[in-house]
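K.L.:
Structure below; questions to follow.
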Amino acid sequence: MLFRSGEIHGVAANAELDFAWLQYLVLRVGVRYYLAELPYSTGQLLNQYLASGDNDILNQVFRPLEGTFSYTQENYAFWQKVYALNQRLPEKERVQVIGADIEHQTGSAIAYLASLLPEQDAPETIKGLIQAVRQVPGQSKGSYTSLILDLQASVVEQSSVYEGYLGDSWIDFQLVVDNLAQRNFAYETRDRAGQAAFNRVRDSLIYQNFARIYPQLSPGKFYGQWGANHIFQHEQSGTRWFGTYLRESEDIQSLSVLSLLYLYQDCQRMERSGGAIPFQMHPAELPFHQLVSTSSGCFS
């Protein structure tokens, strides 16, 4: 079972609602996975934070997010609350983060790849690329397109060499390299064809990521809060969203999905450039044939 709540980014109440749902579903329903609108590499770093409580790791996650809707005190506090919740639970019942989005912060993702590398030198045939990965600063905002494409080709051509060198980290390394290449393709599509085309490509790739990760997980229930459009289970505005792919999936037939959409009234919403603007979202704006409930208002 997958429970999904849908937010409009930039409303302060979202983080409080997110944690309220997560805590309830963990304690009452037995949810064990938080399916996040975050890249796989970021999800793995958050799992390291949740295992250790080390705020340096949490800071490593948040620094590259500056300038995005995720870079808020409320979202930072959310993960601290998840850590505290996990401390109350037996180890086998603790929340694990699953990041299914494409990579967005390239330098951070490559830094995660570097964290997977053994201390010993790499085999000669992949040594140059491994050294290049180690040299990328985690806070860099560069695209690193050539490095990513070279890595992806090398991983395909010399998969046995990488697997032998990386051991248990091989699957994570391979997934993030592929995800970085997907990121470049998605953003090139946006630059060439616009935001709507980017949305279509991105949500298709998100689904492909999740379909790839899902079989590797132990059975369990999922919850995650995403941007509102991603939870729609029917095509909307010409886009098949992640929720649509999940509903139609032939690869993940055992997973039932429940989407819970937030409505807003008398709200303020953060702008990327700073400050806030008035905001409301009414039922008439939504792709539903019949609405069965209304919002009780908004707070921030």
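The values are calculated or read from the model by the stated rules, or taken from the named source; none is laboratory data. The structure presented is a predicted model; accordingly, all values stated were derived computationally and were not measured. Virtual Cβ from ideal backbone geometry, glycine too; neighbours counted across all protein chains shown.
K.L.:
Could you list, ordered by first residue, the pairs with Cβ atoms under 8 Å in which the first is in the stretch 87-105 and among the charged types (D, E, K, R) and the second is loosely packed, with under 13 Cβ neighbours inside 10 Å, at least 6 apart or interchain?
P.N.:
GLU93/GLY30
K.L.:
Still on this structure, I have one more. Just one of the numbered conditions (1) touching a residue at least 12 places away in the same chain (Cβ under 8 Å); (2) in a helix (DSSP H, G or I) is not true of TYR33; which one?
P.N.:
Of the numbered conditions (1) touching a residue at least 12 places away in the same chain (Cβ under 8 Å); (2) in a helix (DSSP H, G or I), the odd one out for TYR33 is (2).
K.L.:
Restricting to the stretch 5-20, give me the number of residues that are over 18 Å from ASP266 (Cα atoms) and assigned to a helix (DSSP H, G or I).
P.N.:
3
K.L.:
Oh, and also: For the stretch 104-116, state whether one or more residues are more than 23 Å from VAL61 (Cα to Cα) and of a type in the set (A, V, I, L, M).
P.N.:
First pass over the stretch 104-116, keeping only residues more than 23 Å from VAL61 (Cα to Cα): none.
Looking through the stretch 104-116, none of the residues is more than 23 Å from VAL61 (Cα to Cα) and of a type in the set (A, V, I, L, M).
K.L.:
If you check VAL61 against the conditions, is it part of a helix (DSSP H, G or I), among the β-branched types (Val, Ile, Thr), modelled with pLDDT under 95 and farther than 20 Å from SER218 by Cα?
P.N.:
On the way: part of a helix (DSSP H, G or I): yes; among the β-branched types (Val, Ile, Thr): yes; modelled with pLDDT under 95: yes; farther than 20 Å from SER218 by Cα: yes.
Considered against the rule, which asks whether it is part of a helix (DSSP H, G or I), among the β-branched types (Val, Ile, Thr), modelled with pLDDT under 95 and farther than 20 Å from SER218 by Cα, VAL61 comes out as yes.
K.L.:
Say we look at the stretch 91-108 and pick out the residues that are of a type in the set (Asp, Glu) and outside any helix (DSSP H, G or I); which of these is farthest from LEU217 (Cα to Cα)? Let's see the steps before the verdict.
P.N.:
First, pick out the residues of the stretch 91-108 that are of a type in the set (Asp, Glu): 91, 93, 101, 103.
Filter once more, keeping what is outside any helix (DSSP H, G or I): 101, 103.
Working: ASP101: 17, GLU103: 21 Å.
Among them, the one singled out is GLU103.
K.L.:
Then there's this: When the stretch 89-110 is examined, which residues are found to be aliphatic (A, V, I, L, M) and under 10 Å from ASN179 (Cα atoms)? I'd like the intermediate steps shown before the answer.
P.N.:
Our first condition is that a residue be aliphatic (A, V, I, L, M); within the stretch 89-110, this holds for 89, 95, 97-98, 100, 102, 109-110.
Answer for the stretch 89-110, where residues must be aliphatic (A, V, I, L, M) and under 10 Å from ASN179 (Cα atoms): ALA100, ILE102, ALA109.
K.L.:
Would it be correct to say that GLU271 is of a type outside the set (Gly, Ala, Ser) and at pLDDT 85 or above? If you could, list the steps in order and put the result at the bottom.
P.N.:
On the way: of a type outside the set (Gly, Ala, Ser): yes; at pLDDT 85 or above: no.
Considered against the rule, which asks whether it is of a type outside the set (Gly, Ala, Ser) and at pLDDT 85 or above, GLU271 comes out as no.
K.L.:
Let me ask another. Just to be sure before I move on: is LEU117 surrounded by 13 or more Cβ atoms within 10 Å (Cβ to Cβ) and assigned to a helix (DSSP H, G or I) in the structure I sent?
P.N.:
Criteria not met by LEU117.
K.L.:
Please find, among ASP172, ASP150, the residue that is within 21 Å of the chain's Cα centre (by Cα) and either assigned to a helix (DSSP H, G or I) or more than 16 Å from SER41 (Cα to Cα) (or both). Walk me through it before giving the result.
P.N.:
Values: ASP150 fails: within 21 Å of the chain's Cα centre (by Cα).
Result: ASP172 is the single residue among ASP172, ASP150 that is within 21 Å of the chain's Cα centre (by Cα) and either assigned to a helix (DSSP H, G or I) or more than 16 Å from SER41 (Cα to Cα) (or both).
K.L.:
Just a yes or no: is a residue in the stretch 216-235 over 27 Å from PHE69 (Cα atoms) and either modelled with pLDDT under 85 or acidic (Asp, Glu) (or both)?
P.N.:
no
K.L.:
Given (1) touching a helix residue (DSSP H, G or I) at 6+ places or on another chain (Cβ under 6 Å); (2) surrounded by 15 or more Cβ atoms within 10 Å (Cβ to Cβ), where does GLY53 come up short, assuming only one miss?
P.N.:
Result: GLY53 fails condition (2) only.
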